[in-house]
Structure formats: structure tokens, C-alpha cells
1. Report the relative contact order of the chain, percent, no decimals, based on alpha-carbon pairs under 8 angstrom and at least 6 residues apart.
2. Largest first, please: the extent of the C-alpha atoms of the range 4-194 along each principal axis, to the nearest Å.
3. Could you state the angle between the C-alpha long axis of helix 43-53 and the longest principal axis of the C-alpha atoms of the chain, as a value from 0 to 90 degrees rounded to the nearest 10?
4. Find the all-direction average of the projected area of the Cα convex hull for the range 4-70, expressing the result in square nanometres with one decimal place.
5. Most exposed first by the Cβ proxy, i.e. fewest other Cβ within 10 Å, how do 110, 47, 133 rank?
6. Hey, what angle do you get for helix 19-37 against the long axis of the chain, alpha-carbon based, 0 to 90 degrees rounded to 10?
7. Which order do 89, 138 fall in if you start with the one that has the fewest other Cβ atoms within 10 Å?
8. Please arrange 1, 9 by counting, for each residue, the other beta carbons lying within 10 Å of its beta carbon, fewest first.
């Protein structure tokens, strides 16, 4: 029988209140409290906490504070990455960020979701007095490949891959994969033109 963690990482319905996830969150909340209290200039201490909190983190990585994440260890960041302030990464499944990526302020990345249909979303035979969580949850990975720029206030939903060299305009809601070397904007986000990989926006 699969564990709740295995179900989560396989994109299946899982109990998000299982003890393993409670423990992940408790540890990460403590690390976030320390991280968000550090001054921007204390780069060594900030980097040390990122290494402890994230699954992997490359060199020359900056994550502005305040920063919020869920489990922390499902976040994997490459080299030369800038994540600006006030970003939220709900990393119930993997969030993979490549090299030379810019992520502007107020970006939200979500891996967790719930079924759209009410009959699937509600836990069967749930009652008000039940200790079981009333709503089914699943999580899908998000990938941002090398050389991307994610504009301010962008929301990325579960299961999305943003291809290498893509630029996502500010305020966009990304609900589907974005091809490499594309400029994409809007809600829902859509490609408006291709980029040649060398031009400056």
C-alpha cells in the first residue's frame, strides 16, 4: 500500500493532514521565520538557510523576503537565480527552477489543487464530526526551465512547464505549458509571439 507521501508525489489524491506533512510544515515554518527575519545584507546566513530548507539550491541564488513556501524540500533551484520579494511557492510536489531565471515580486507557484467536480472534491461519507479532511487534494509538479523571466504577480498553477527562454508578462495566470522562447501574457496566459533567444525585452 502506498504511503500518503508516495500518493502525493505521484499526483494522486492524498491526505494533506497526514503526520508526515504536518512535520514538514512545522520544520519549514521555523526555518522561514528565521529566514524572513534576516537582513538582505546577511547573504551567508540567508544562503545557509536556503540550503537547509530547499531540496537543492545552486550558486548565486537570491530569494527576497518575505518568502513563503509549504514543505521547502520540494523546491529545486539552479545557478544564477533571482526570486524577488513576497513570492509564494506551494511545493507539495516538486517546483524545479533552472539556471539564469528571474522571478519578479509577488509570483505565486502552486503545485496543490482539488478536483473541480464537487462529487470528486468532497471526501466520501464525510460528516461535520469527522476527523477526516472534507476535501480531496492532489499535487502536480511545476517546472521553469533555464533562462526564463517570470513577471510580477504571475500565478502558475499545478502541472505547468515553462519552456527555456520564455518570458511571462506581469499579472498573467499560467494554466498551460508555455513553449520555449515565447513571450506569453494574459489570463489565461497565451503566447503572443516567439522570441529569438537573443533579443532584449
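FYI, it's all coordinate maths here, none of it is from the lab. Everything numeric in this text was worked out from a predicted model, so none of it was measured. Glycine also receives a Cβ, built like all others from the backbone with ideal geometry; neighbour counts cover every protein chain displayed.
1. Numbers: 497 pairs, mean separation 28.4, N = 201.
Normalised by residue count, the contact order of the chain is 14 percent.
2. 48, 41, 24
3. So the inclination is approximately 40 degrees.
4. Working: hull surface 20.3 nm².
If I average the Cα hull's projected area over directions, I get 5.1 nm².
5. Details: 110 22, 47 16, 133 13.
Listing 110, 47, 133 from fewest to most nearby Cβ atoms yields 133, 47, 110.
6. That works out to roughly 40 degrees.
7. 138, 89
8. 1, 9
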